[in-house]
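Below is one structure; the comments refer to it alone.
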Amino acid sequence: MNPPTSTAPPPAPLPPQPAAKGGATRPGDRIFVGLSRGSGVLLLVIMAAIAVFLTYRAYIAISDNQANFLTAFEWNPQGQPPQFGIAILAYGTVVSSIIAMAIAVPIAVGIALFVSHYAPRRMASPLAYVIDLLAAVPSIVYGLWGALVLVPYLDGMNSWLDQYLGWTYIFEKTSSGPARNLFTVGILLAVMILPVITNVTREVFLQVPRAHEEAALALGATRWEVIRMSVLPFGRSGIISASMLGLGRALGETMAVATVLSPSFLFSGHLLDPGGGTFAQNIAAKFNEANEYGRDALIASGLVLFVMTLIVNGAARMIIARRKEYSGANA
């Protein structure tokens, strides 16, 4: 005889508990979410305050300037009438940064590949540690090394470039003097940003999925083909990000450039001629001796550097967003 079956309805499901705003259900989560959001808002407020301050002080200086601020080749804000412009500073900053990137990025990518895929583990770890230490060296130390070692050493190299590549105009040396020029500054900046680009790129290469490399090797690819087809496509966005970090340091470097460069507001397309200037170097050199209006003029040039940095970082974000689907990050 079968036992009687129960005809009672199943218990009703419990109503869902409302989640706290932002998905946090516990007090610790809510506190963490609040602190995180507050930190982000605080950062935006600080950036906005810096932009407002720079814009206000720059407007005071530019409103009384008797020269075109963007195209003038002189810097005399304390004259009567004041005349100053950023053409030489923008040229020197861009040219020295381009030289630094052209030298540093290929070398940094090569070092990162060697450390992550070629060097034995006993060699890779100490080498990575040394590169990390180079990134922590103060800029004034690099500046002293550049002034005492790099400048005398590059005299012979400048003569060689003038002799064999002087026909290119940019490597033609038209005046004598030590190698305190934009070419030397570019080499020094390349040495300074090399550890930054190398460290970030190395970490990106180490994140390449092992399955991608093993699949390429199983298909008969050589070591270089594995790197070309698996590692470099995966790390493309990381290489761009690392390069932009290095470029940001090159654009804003101050003490090292001021120690090596002989500042001049005479325009010259010859990279080996002494002279030139950058935004950061000019601010560091002239801030103490400037009056109130002169400081406003320097702040105006700092605003241009601030905008340049924002444009560079924004362009990097756009490039990474467009290239993201081609990397292995989404595989």
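Can you give the net charge of the other residues whose Cβ lies under 15 Å from the Cβ of ALA104, counting K and R as +1 and D and E as -1?
Local net charge: +1.
Taking K and R as +1 and D and E as -1, what net charge do the other residues with C-beta under 12 Å from the C-beta of LEU272 add up to? Could the numbers behind the result be given before it?
Working: positive: LYS173, ARG180; negative: ASP155, ASP162, GLU172, ASP273.
For residues surrounding LEU272, the net value is -2.
Can you sort GLU289, GLU213, GLU253, GLU203 so the residue with the fewest Cβ neighbours within 10 Å comes first?
On the way: GLU289 8, GLU213 19, GLU253 25, GLU203 15.
Ranking GLU289, GLU213, GLU253, GLU203 by Cβ neighbours within 10 Å, fewest first, gives GLU289, GLU203, GLU213, GLU253.
In what order do MET229, MET101, MET192 fall by count of nearby beta-carbon atoms within 10 Å, going from fewest to most?
Lowest to highest Cβ neighbour count: MET229, MET101, MET192.
Compute the Cα gyration tensor for the chain, then decide on rounded, prolate or oblate, letting a ≥ b ≥ c be the square roots of its eigenvalues: rounded whenever a/c is under 1.5, prolate when a/b is larger than b/c in the other cases, and oblate in all that remain.
oblate
Just to be sure I understand the model, the point goes 7 Å from the Cα along the line to the Cβ. What's the resulting ASP162 to MET123 distance in nm?
Going by the 7 Å Cα→Cβ label model, 4.0 nm.
Using only alpha carbon positions, build the gyration tensor of region 136-200, then give the equivalent ellipsoid semi-axes as the square roots of 5 times its eigenvalues, largest first, whole angstrom.
Values: eigenvalues 132, 41, 13 Å².
The answer is 26, 14, 8 Å, longest axis first.
Against the longest principal axis of the chain, how steep is helix 182-206, in degrees 0 to 90 to the nearest 10, with axes from Cα atoms?
Value to nearest ten degrees: 10.
Between SER176 and TYR293, how many nm apart are label points set 7 Å from Cα along the C-beta direction?
Here the answer is 4.1 nm between the modelled labels.
Enter the Cα centre distance for the pair region 107-133 and region 169-236, rounded to the nearest angstrom.
12 Å
What residues have an amide H closer than 5 Å to that of ASN76, excluding those fewer than 5 places away on the same chain, when H is modeled at 1.01 Å from N in the peptide plane?
GLN83, PHE84, GLY85
Can you give me the Kirkwood hydrodynamic radius for region 63-222, using every pair of distinct Cα atoms, in Å to one decimal?
So the Kirkwood estimate lands at 19.3 Å.
If you line up the Cα atoms of region 46-85 on their principal axes, what length do they span on each, largest first, in Å?
Principal-axis extents of region 46-85 (Cα, largest first): 34, 18, 12 Å.
According to a simple spin-label model (label point 7 Å from Cα along Cα-to-Cβ), what is the distance in nm between TYR56 and ILE107?
4.4 nm
FYI, it's all coordinate maths here, none of it is from the lab. Owing to the predicted nature of the structure, the values given are computational and were not obtained by experimental measurement. Don't worry about glycine lacking a Cβ; one is built from the backbone with ideal geometry, like all the others, and counts go over all protein chains shown.
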